[in-house]
Amino acid sequence: MQTEIINAKCGKIKGRERENNLLFSGIRYASAKRFELPEPISFDGVYDAVGFGPCCPQLRAYEDESASKNTYYYREFRKGVSFKYDEDCLYLNVYTPKSAVDCPVVIYIHGGNFTKGSADERAFDGEEYCKRGIIFISVNYRLNVFGFYADGVNCKGNLGLYDQLAAIEWTRENISAFGGNPERITLMGQSAGAMSIQTLISSPLTRGKVQRAIMLSGGGERRGLMADRLPNLKFWRSVLKKSGATTFEEFKSMPAKDVFYAWKRSSPLKSQFATFPVIDGVLSDGTVARCDIPCIIGRVKKDIFPRSLDKMAFRFSSVLRKNGADCYIYRFEHNLSGDGKGTFHSADLWYAIGAMKNCWRPFDENDFALSEDMLNRFAAFIKEGSPNAINAQSNVKQISQRKTDLWLPFRTKSDIFVFK
(Lines give C-alpha, C1' and ligand atoms only; values in the text may rest on other atoms or scores of the structure.)
Protein backbone atom coordinates (compact mmCIF):
# COMPACT_ATOMS: atom_id res chain seq x y z
CA MET A 1 0.00 0.00 0.00
CA GLN A 2 1.41 3.38 -1.05
CA THR A 3 1.17 5.99 1.68
CA GLU A 4 0.97 9.77 1.54
CA ILE A 5 1.85 12.25 4.30
CA ILE A 6 0.48 15.79 4.36
CA ASN A 7 1.31 18.57 6.80
CA ALA A 8 -1.97 20.03 8.03
CA LYS A 9 -2.47 22.73 10.62
CA CYS A 10 -3.54 20.11 13.18
CA GLY A 11 -0.42 18.01 12.49
CA LYS A 12 1.09 15.58 10.01
CA ILE A 13 -1.35 12.99 8.64
CA LYS A 14 -0.56 9.77 6.83
CA GLY A 15 -3.10 8.37 4.37
CA ARG A 16 -3.07 5.83 1.58
CA GLU A 17 -3.11 5.94 -2.18
CA ARG A 18 -5.91 4.22 -4.05
CA GLU A 19 -6.32 3.70 -7.78
CA ASN A 20 -8.18 6.94 -8.42
CA ASN A 21 -7.68 9.04 -5.30
CA LEU A 22 -6.02 9.42 -1.91
CA LEU A 23 -7.87 8.38 1.25
CA PHE A 24 -7.15 9.70 4.74
CA SER A 25 -9.52 7.74 6.97
CA GLY A 26 -10.26 7.96 10.67
CA ILE A 27 -8.89 11.46 11.30
CA ARG A 28 -9.85 12.74 14.75
CA TYR A 29 -11.30 16.21 14.21
CA ALA A 30 -12.29 17.03 17.81
CA SER A 31 -12.73 15.49 21.24
CA ALA A 32 -15.60 15.68 23.69
CA LYS A 33 -16.52 14.45 27.12
CA ARG A 34 -19.96 12.95 27.59
CA PHE A 35 -22.75 15.54 27.33
CA GLU A 36 -20.23 18.34 26.70
CA LEU A 37 -19.37 20.42 23.64
CA PRO A 38 -16.58 19.26 21.32
CA GLU A 39 -13.14 20.81 21.55
CA PRO A 40 -10.59 21.19 18.72
CA ILE A 41 -7.44 19.10 18.92
CA SER A 42 -3.99 18.79 17.37
CA PHE A 43 -1.46 15.98 17.50
CA ASP A 44 2.28 15.40 17.57
CA GLY A 45 4.22 13.08 15.31
CA VAL A 46 2.52 11.53 12.29
CA TYR A 47 -1.17 10.69 12.61
CA ASP A 48 -1.96 7.30 11.10
CA ALA A 49 -5.10 7.81 8.99
CA VAL A 50 -5.23 4.48 7.18
CA GLY A 51 -8.22 2.89 8.98
CA PHE A 52 -11.74 4.10 9.71
CA GLY A 53 -12.44 5.43 13.20
CA PRO A 54 -15.24 4.28 15.52
CA CYS A 55 -18.80 5.49 15.21
CA CYS A 56 -21.11 6.38 18.08
CA PRO A 57 -22.54 3.53 20.20
CA GLN A 58 -25.93 2.45 18.85
CA LEU A 59 -28.12 -0.64 18.92
CA ARG A 60 -25.89 -2.64 16.56
CA ALA A 61 -22.97 -2.04 18.91
CA TYR A 62 -24.67 -4.26 21.49
CA GLU A 63 -26.96 -6.56 19.50
CA ASP A 64 -26.39 -8.64 16.36
CA GLU A 65 -27.98 -6.63 13.57
CA SER A 66 -27.97 -9.61 11.21
CA ALA A 67 -30.29 -11.47 13.62
CA SER A 68 -32.88 -8.69 13.93
CA LYS A 69 -36.37 -8.89 12.46
CA ASN A 70 -35.69 -6.13 9.95
CA THR A 71 -32.36 -6.55 8.18
CA TYR A 72 -33.19 -4.52 5.08
CA TYR A 73 -30.83 -1.60 5.60
CA TYR A 74 -28.24 -3.91 7.12
CA ARG A 75 -28.11 -5.85 3.85
CA GLU A 76 -28.21 -2.69 1.78
CA PHE A 77 -25.42 -0.70 3.44
CA ARG A 78 -23.59 -2.70 6.12
CA LYS A 79 -23.54 -6.46 5.48
CA GLY A 80 -19.97 -7.74 5.37
CA VAL A 81 -18.51 -4.55 6.86
CA SER A 82 -17.08 -4.46 10.38
CA PHE A 83 -17.47 -1.35 12.52
CA LYS A 84 -15.91 0.00 15.69
CA TYR A 85 -18.00 1.76 18.34
CA ASP A 86 -16.94 4.26 20.97
CA GLU A 87 -18.23 7.45 22.56
CA ASP A 88 -14.94 8.89 21.38
CA CYS A 89 -16.29 8.93 17.82
CA LEU A 90 -15.41 12.34 16.37
CA TYR A 91 -13.60 11.10 13.28
CA LEU A 92 -13.84 11.98 9.61
CA ASN A 93 -12.60 10.58 6.30
CA VAL A 94 -11.06 12.65 3.50
CA TYR A 95 -11.18 11.41 -0.10
CA THR A 96 -9.09 13.70 -2.26
CA PRO A 97 -7.98 13.71 -5.91
CA LYS A 98 -4.32 12.98 -6.51
CA SER A 99 -2.34 16.23 -6.93
CA ALA A 100 -5.40 18.23 -5.82
CA VAL A 101 -5.13 22.02 -6.04
CA ASP A 102 -7.77 24.49 -4.83
CA CYS A 103 -10.55 21.89 -5.07
CA PRO A 104 -14.10 22.51 -3.83
CA VAL A 105 -15.10 20.39 -0.83
CA VAL A 106 -18.16 18.35 0.07
CA ILE A 107 -18.80 17.48 3.72
CA TYR A 108 -21.22 14.53 3.85
CA ILE A 109 -23.41 14.03 6.94
CA HIS A 110 -25.01 10.59 7.19
CA GLY A 111 -28.59 9.91 8.17
CA GLY A 112 -30.11 7.38 10.58
CA ASN A 113 -32.90 9.15 12.45
CA PHE A 114 -30.27 10.86 14.68
CA THR A 115 -29.92 7.53 16.48
CA LYS A 116 -27.74 5.32 14.26
CA GLY A 117 -25.41 5.20 11.26
CA SER A 118 -21.75 5.76 10.45
CA ALA A 119 -19.60 7.50 7.87
CA ASP A 120 -17.94 4.33 6.54
CA GLU A 121 -20.98 2.39 5.36
CA ARG A 122 -20.86 0.95 1.85
CA ALA A 123 -22.52 3.88 0.09
CA PHE A 124 -20.22 6.60 1.44
CA ASP A 125 -17.18 6.28 -0.80
CA GLY A 126 -16.07 9.59 -2.30
CA GLU A 127 -14.15 8.22 -5.29
CA GLU A 128 -16.57 9.53 -7.94
CA TYR A 129 -16.40 13.07 -6.58
CA CYS A 130 -12.61 12.88 -6.63
CA LYS A 131 -12.82 11.99 -10.33
CA ARG A 132 -14.69 15.24 -10.79
CA GLY A 133 -12.07 17.32 -8.99
CA ILE A 134 -13.93 17.52 -5.67
CA ILE A 135 -12.74 16.56 -2.18
CA PHE A 136 -15.29 14.39 -0.35
CA ILE A 137 -15.38 14.24 3.46
CA SER A 138 -17.63 11.89 5.47
CA VAL A 139 -18.20 12.58 9.15
CA ASN A 140 -19.05 10.61 12.29
CA TYR A 141 -20.85 12.49 15.04
CA ARG A 142 -22.58 11.68 18.31
CA LEU A 143 -26.02 10.05 18.07
CA ASN A 144 -29.05 9.10 20.17
CA VAL A 145 -28.66 9.83 23.89
CA PHE A 146 -24.99 10.74 23.47
CA GLY A 147 -25.63 13.35 20.79
CA PHE A 148 -29.06 14.75 21.62
CA TYR A 149 -29.56 14.54 25.39
CA ALA A 150 -31.24 17.83 26.36
CA ASP A 151 -32.50 18.25 29.91
CA GLY A 152 -32.38 22.04 29.63
CA VAL A 153 -30.19 22.40 32.71
CA ASN A 154 -27.09 20.24 32.44
CA CYS A 155 -27.15 20.03 28.65
CA LYS A 156 -29.07 22.19 26.17
CA GLY A 157 -28.89 19.55 23.42
CA ASN A 158 -27.72 19.53 19.78
CA LEU A 159 -24.34 18.01 20.67
CA GLY A 160 -24.40 15.98 17.46
CA LEU A 161 -24.89 19.20 15.50
CA TYR A 162 -22.07 20.89 17.39
CA ASP A 163 -19.91 17.93 16.36
CA GLN A 164 -20.85 18.58 12.73
CA LEU A 165 -20.01 22.25 13.21
CA ALA A 166 -16.63 21.22 14.64
CA ALA A 167 -16.04 19.12 11.50
CA ILE A 168 -16.78 22.20 9.37
CA GLU A 169 -14.33 24.24 11.43
CA TRP A 170 -11.69 21.49 11.12
CA THR A 171 -12.19 21.47 7.36
CA ARG A 172 -11.79 25.23 7.09
CA GLU A 173 -8.60 25.07 9.14
CA ASN A 174 -6.96 22.06 7.50
CA ILE A 175 -8.34 21.27 4.05
CA SER A 176 -5.88 23.47 2.15
CA ALA A 177 -3.15 20.95 3.08
CA PHE A 178 -5.13 18.31 1.16
CA GLY A 179 -5.50 20.58 -1.88
CA GLY A 180 -8.92 21.94 -0.95
CA ASN A 181 -10.35 25.44 -0.89
CA PRO A 182 -11.83 26.30 2.54
CA GLU A 183 -14.00 28.99 0.95
CA ARG A 184 -15.77 26.50 -1.33
CA ILE A 185 -17.54 24.14 1.08
CA THR A 186 -20.80 22.36 0.26
CA LEU A 187 -22.72 20.41 2.89
CA MET A 188 -24.43 17.25 1.68
CA GLY A 189 -26.58 14.84 3.68
CA GLN A 190 -29.52 12.48 3.59
CA SER A 191 -32.53 12.08 5.90
CA ALA A 192 -31.36 13.08 9.41
CA GLY A 193 -28.20 14.36 7.73
CA ALA A 194 -30.31 16.62 5.53
CA MET A 195 -32.28 17.83 8.54
CA SER A 196 -28.98 18.55 10.30
CA ILE A 197 -27.83 20.61 7.33
CA GLN A 198 -31.05 22.62 7.24
CA THR A 199 -30.43 23.56 10.89
CA LEU A 200 -26.76 24.34 10.29
CA ILE A 201 -27.22 26.58 7.25
CA SER A 202 -29.95 28.47 9.11
CA SER A 203 -27.67 29.07 12.10
CA PRO A 204 -25.70 32.27 12.75
CA LEU A 205 -22.75 30.03 13.71
CA THR A 206 -22.18 28.95 10.10
CA ARG A 207 -22.56 32.34 8.41
CA GLY A 208 -19.92 32.64 5.70
CA LYS A 209 -18.51 29.17 6.42
CA VAL A 210 -20.65 27.16 3.99
CA GLN A 211 -21.33 28.17 0.39
CA ARG A 212 -23.91 25.61 -0.80
CA ALA A 213 -26.02 22.67 0.44
CA ILE A 214 -27.46 19.44 -0.99
CA MET A 215 -30.21 17.83 1.09
CA LEU A 216 -31.65 14.40 0.26
CA SER A 217 -34.96 13.31 1.83
CA GLY A 218 -35.12 15.70 4.75
CA GLY A 219 -34.27 19.26 3.76
CA GLY A 220 -36.62 22.19 4.13
CA GLU A 221 -38.64 24.23 6.56
CA ARG A 222 -40.02 21.85 9.15
CA ARG A 223 -43.47 22.16 10.67
CA GLY A 224 -46.02 19.80 12.20
CA LEU A 225 -44.52 16.51 13.43
CA MET A 226 -41.00 17.49 12.40
CA ALA A 227 -41.01 21.06 13.65
CA ASP A 228 -38.10 22.49 15.61
CA ARG A 229 -38.89 22.19 19.32
CA LEU A 230 -37.62 23.16 22.71
CA PRO A 231 -35.97 20.35 24.71
CA ASN A 232 -38.36 17.69 26.05
CA LEU A 233 -37.31 17.99 29.66
CA LYS A 234 -39.78 15.40 30.96
CA PHE A 235 -38.52 12.72 28.59
CA TRP A 236 -34.84 13.23 29.34
CA ARG A 237 -35.43 13.27 33.07
CA SER A 238 -37.26 9.95 32.68
CA VAL A 239 -34.20 8.54 30.89
CA LEU A 240 -32.00 9.50 33.82
CA LYS A 241 -34.48 7.89 36.22
CA LYS A 242 -34.60 4.64 34.21
CA SER A 243 -30.82 4.42 34.38
CA GLY A 244 -30.97 4.08 38.16
CA ALA A 245 -28.81 7.15 38.66
CA THR A 246 -29.86 9.61 41.33
CA THR A 247 -27.95 12.61 39.94
CA PHE A 248 -26.85 13.86 36.54
CA GLU A 249 -23.20 13.46 37.48
CA GLU A 250 -23.82 9.82 38.36
CA PHE A 251 -25.61 9.31 35.03
CA LYS A 252 -22.76 11.04 33.22
CA SER A 253 -20.20 8.60 34.63
CA MET A 254 -22.15 5.36 34.02
CA PRO A 255 -20.93 2.81 31.43
CA ALA A 256 -21.99 3.75 27.89
CA LYS A 257 -24.09 0.59 27.50
CA ASP A 258 -26.15 1.43 30.60
CA VAL A 259 -26.72 4.98 29.37
CA PHE A 260 -27.76 3.72 25.95
CA TYR A 261 -30.27 1.17 27.27
CA ALA A 262 -31.75 3.67 29.71
CA TRP A 263 -32.56 5.77 26.63
CA LYS A 264 -33.74 2.78 24.57
CA ARG A 265 -36.07 1.53 27.32
CA SER A 266 -37.85 4.87 27.40
CA SER A 267 -41.00 5.44 25.37
CA PRO A 268 -40.18 4.58 21.72
CA LEU A 269 -42.72 7.12 20.44
CA LYS A 270 -41.54 9.95 22.68
CA SER A 271 -37.90 9.20 21.95
CA GLN A 272 -38.51 9.66 18.22
CA PHE A 273 -39.38 13.31 18.81
CA ALA A 274 -37.09 13.99 21.75
CA THR A 275 -33.91 12.60 20.22
CA PHE A 276 -33.82 15.38 17.70
CA PRO A 277 -32.26 18.81 17.10
CA VAL A 278 -33.82 21.36 19.42
CA ILE A 279 -34.08 25.11 19.75
CA ASP A 280 -31.17 25.91 22.06
CA GLY A 281 -30.98 29.66 21.48
CA VAL A 282 -27.39 29.48 20.24
CA LEU A 283 -26.94 27.14 17.32
CA SER A 284 -30.67 27.03 16.57
CA ASP A 285 -33.40 29.57 17.21
CA GLY A 286 -36.00 27.70 15.13
CA THR A 287 -35.99 30.05 12.15
CA VAL A 288 -34.83 29.57 8.56
CA ALA A 289 -35.33 33.21 7.60
CA ARG A 290 -31.61 34.05 7.40
CA CYS A 291 -30.59 31.24 5.03
CA ASP A 292 -29.25 32.66 1.76
CA ILE A 293 -27.08 30.02 0.07
CA PRO A 294 -27.98 27.98 -3.04
CA CYS A 295 -29.48 24.58 -2.25
CA ILE A 296 -30.53 21.33 -3.89
CA ILE A 297 -33.37 19.52 -2.13
CA GLY A 298 -34.75 16.15 -3.22
CA ARG A 299 -36.66 13.06 -2.25
CA VAL A 300 -37.36 9.62 -3.64
CA LYS A 301 -40.73 8.54 -5.03
CA LYS A 302 -41.64 6.20 -2.15
CA ASP A 303 -40.10 8.30 0.59
CA ILE A 304 -41.11 8.63 4.22
CA PHE A 305 -43.90 11.26 4.44
CA PRO A 306 -43.40 12.34 0.78
CA ARG A 307 -46.02 15.11 0.84
CA SER A 308 -44.53 16.58 4.00
CA LEU A 309 -41.07 16.51 2.45
CA ASP A 310 -42.43 18.31 -0.61
CA LYS A 311 -44.04 21.02 1.50
CA MET A 312 -40.84 21.45 3.51
CA ALA A 313 -38.85 21.91 0.31
CA PHE A 314 -41.36 24.30 -1.27
CA ARG A 315 -41.45 26.52 1.84
CA PHE A 316 -37.67 26.56 2.10
CA SER A 317 -37.33 27.51 -1.57
CA SER A 318 -39.50 30.57 -0.88
CA VAL A 319 -37.17 31.64 1.92
CA LEU A 320 -34.13 31.23 -0.31
CA ARG A 321 -35.76 33.13 -3.17
CA LYS A 322 -36.59 36.06 -0.88
CA ASN A 323 -32.94 36.10 0.20
CA GLY A 324 -31.64 36.04 -3.36
CA ALA A 325 -30.57 32.37 -3.55
CA ASP A 326 -31.69 29.61 -5.90
CA CYS A 327 -33.24 26.35 -4.77
CA TYR A 328 -33.27 23.34 -7.10
CA ILE A 329 -35.74 20.56 -6.27
CA TYR A 330 -35.66 17.02 -7.61
CA ARG A 331 -37.57 13.77 -7.29
CA PHE A 332 -35.88 10.38 -7.78
CA GLU A 333 -38.26 7.88 -9.42
CA HIS A 334 -35.94 5.13 -10.63
CA ASN A 335 -36.77 1.64 -9.36
CA LEU A 336 -33.71 -0.18 -8.09
CA SER A 337 -33.14 -3.69 -9.39
CA GLY A 338 -32.64 -6.82 -7.34
CA ASP A 339 -35.55 -7.09 -4.94
CA GLY A 340 -38.67 -5.25 -6.11
CA LYS A 341 -38.43 -2.58 -3.38
CA GLY A 342 -38.61 0.23 -5.92
CA THR A 343 -37.54 3.69 -4.76
CA PHE A 344 -37.26 3.20 -1.01
CA HIS A 345 -36.04 5.86 1.42
CA SER A 346 -32.29 6.35 0.71
CA ALA A 347 -32.42 4.55 -2.67
CA ASP A 348 -30.87 7.59 -4.36
CA LEU A 349 -27.69 7.40 -2.26
CA TRP A 350 -26.08 4.86 -4.59
CA TYR A 351 -26.62 7.21 -7.52
CA ALA A 352 -25.92 10.55 -5.83
CA ILE A 353 -22.60 9.37 -4.33
CA GLY A 354 -21.78 6.83 -7.00
CA ALA A 355 -20.36 3.98 -4.89
CA MET A 356 -22.34 1.45 -6.92
CA LYS A 357 -19.45 -1.01 -7.08
CA ASN A 358 -19.92 -1.51 -3.31
CA CYS A 359 -23.56 -2.60 -3.70
CA TRP A 360 -24.93 -6.14 -4.09
CA ARG A 361 -27.52 -5.03 -6.64
CA PRO A 362 -27.16 -6.03 -10.32
CA PHE A 363 -26.92 -2.48 -11.68
CA ASP A 364 -27.00 -2.20 -15.47
CA GLU A 365 -25.99 0.39 -18.06
CA ASN A 366 -29.09 2.49 -17.40
CA ASP A 367 -28.30 2.63 -13.67
CA PHE A 368 -24.76 3.81 -14.31
CA ALA A 369 -25.95 6.38 -16.85
CA LEU A 370 -28.45 7.77 -14.35
CA SER A 371 -25.77 7.94 -11.67
CA GLU A 372 -23.45 9.77 -14.09
CA ASP A 373 -26.15 12.33 -14.76
CA MET A 374 -26.86 12.86 -11.07
CA LEU A 375 -23.18 13.03 -10.12
CA ASN A 376 -22.36 15.46 -12.91
CA ARG A 377 -25.23 17.78 -12.02
CA PHE A 378 -24.32 17.71 -8.34
CA ALA A 379 -20.66 18.31 -9.21
CA ALA A 380 -21.61 21.25 -11.41
CA PHE A 381 -23.68 22.70 -8.57
CA ILE A 382 -20.81 22.23 -6.11
CA LYS A 383 -18.41 23.99 -8.46
CA GLU A 384 -20.55 26.65 -10.11
CA GLY A 385 -23.75 26.95 -8.06
CA SER A 386 -25.93 25.55 -10.84
CA PRO A 387 -26.69 21.89 -11.71
CA ASN A 388 -26.88 22.94 -15.36
CA ALA A 389 -23.17 23.78 -15.64
CA ILE A 390 -22.39 20.21 -16.69
CA ASN A 391 -19.13 21.20 -18.34
CA ALA A 392 -17.84 22.27 -14.93
CA GLN A 393 -17.10 18.61 -14.19
CA SER A 394 -14.01 17.11 -15.76
CA ASN A 395 -12.41 13.80 -16.63
CA VAL A 396 -15.70 11.88 -16.74
CA LYS A 397 -17.54 11.11 -19.95
CA GLN A 398 -21.11 12.36 -19.96
CA ILE A 399 -23.16 9.41 -21.16
CA SER A 400 -26.64 10.42 -20.05
CA GLN A 401 -29.17 11.13 -22.79
CA ARG A 402 -30.52 13.92 -20.57
CA LYS A 403 -27.38 16.00 -20.58
CA THR A 404 -29.13 18.96 -22.24
CA ASP A 405 -32.20 18.95 -19.97
CA LEU A 406 -32.53 22.22 -18.09
CA TRP A 407 -33.03 22.08 -14.32
CA LEU A 408 -34.76 25.31 -13.35
CA PRO A 409 -34.66 27.02 -9.96
CA PHE A 410 -37.91 26.13 -8.22
CA ARG A 411 -40.90 28.39 -8.73
CA THR A 412 -43.74 25.94 -9.43
CA LYS A 413 -44.12 22.15 -9.33
CA SER A 414 -43.33 21.97 -13.03
CA ASP A 415 -39.75 22.97 -12.11
CA ILE A 416 -39.16 19.74 -10.17
CA PHE A 417 -36.40 17.82 -11.94
CA VAL A 418 -37.13 14.09 -12.19
CA PHE A 419 -34.40 11.45 -12.18
CA LYS A 420 -35.87 8.21 -13.56
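The values are calculated or read from the model by the stated rules, or taken from the named source; none is laboratory data. Not measured: the values here are computed from a predicted model. Here the Cβ is made from the backbone with ideal geometry for all residues, glycine too, and neighbour counts use every protein chain on show. Calculation scope for accessible area: heavy atoms of the full protein, side chains included, ligands and nucleic acids excluded. Shrake-Rupley method; radii C 1.70, N 1.55, O 1.52, S 1.80 Å.
Where the centre of each part is set by its Cα atoms, how far does the stretch 1-29 sit from the stretch 91-127, in angstrom? After rounding, the separation between the Cα centres reads 14 Å.
Each of Asn181 and Asp86 was given a label point 7 Å from its Cα along the Cα-to-Cβ line. The distance between the two points is 3.6 nm. Going by the alpha-carbon gyration tensor, a ≥ b ≥ c the square roots of its eigenvalues, is the stretch 265-306 rounded (a/c under 1.5) or, if a/c is not under 1.5, prolate (a/b greater than b/c) versus oblate? Oblate, since a/c reaches 1.5 and b/c is not below a/b. Using Cβ point charges alone (K and R +1, D and E -1), the dipole size of the stretch 29-99 about the Cα centre works out to roughly 400 debye.
With a 1.4 Å probe and every protein chain kept in, tell me what percent of the accessible surface of the stretch 271-313 is carbon plus sulfur. For the stretch 271-313, the apolar C and S fraction of the accessible surface comes to 55 percent.
Between Tyr261 and Phe43, the simple spin-label model (points 7 angstrom out along Cα→Cβ) gives 3.3 nm. The distance from the alpha carbon centre of the stretch 284-323 to that of the stretch 134-182 is 22 Å, rounded to a whole number. The overall shape of the stretch 293-396, judged from the alpha-carbon gyration tensor, is oblate: a/c is not under 1.5, and a/b is no greater than b/c.
Taking 7 Å steps out from each Cα toward its Cβ at Val282 and Ser66 produces label points 4.3 nm apart.
Heavy-atom accessible surface of the stretch 34-99, averaged per residue, reaches 54 Å², computed with a 1.4 Å probe.
Among bridges DSSP assigns within the chain, what percent are antiparallel (round to 5)?
Values: 19 of 54 bridges.
Bridges in the chain that DSSP calls antiparallel: roughly 35 percent.
Please check which bits of the stretch 114-134 a label hung off Lys242 would reach, taking the label as a point 7 Å along Cα-to-C-beta and the cut-off as backbone N under 20 Å. 114-117, by backbone N distance to the label point.
For the stretch 203-352, lysine pairs separated by 8 or more sequence positions, or belonging to different chains, with Cα-Cα distances below 16 Å total 15.
Antiparallel beta bridges, as assigned by DSSP with both residues in the stretch 56-195, represent about 25 percent of the total such bridges. Computed over the chain, the per-residue total of -39500 (n - 2.57) for DSSP H runs of n ≥ 4 gives a 222 nm mean residue ellipticity of -8000 deg cm²/dmol, rounded to 500. In the stretch 251-403, a dipole from Cβ-located charges (positive for Lys and Arg, negative for Asp and Glu) runs towards its positive end, and of Ala274, Cys295, Phe363 it is Ala274 whose Cα lies farthest in that direction.
Given charges of +1 on the Cβ of Lys and Arg and -1 on the Cβ of Asp and Glu, with all other atoms neutral, how large is the dipole of the chain about its Cα centre, in debye to the nearest 20? The partial results should precede the final answer.
Values: 59 positive and 47 negative charges, 235 e Å.
Using only the charged Cβ atoms, the result is roughly 1120 debye.
The slack between Leu205 and Leu233, meaning 0.36 nm per residue of separation minus the straight C-alpha distance, is 7.6 nm.
Each peptide among 299-305, 213-219, 162-168 gets the average number of other Cβ atoms lying within 10 Å of its residues, and from highest to lowest they stand as 213-219, 162-168, 299-305. Computed over protein heavy atoms with a 1.4 Å probe, the accessible surface of the stretch 229-359 works out to 45 Å² per residue. Close amide-amide hydrogen proximity is noted between Tyr29 and Tyr91, Leu92, each under 5 Å apart and 5 or more residues distant or on a separate chain (H modeled in the peptide plane; Pro and chain starts excluded).
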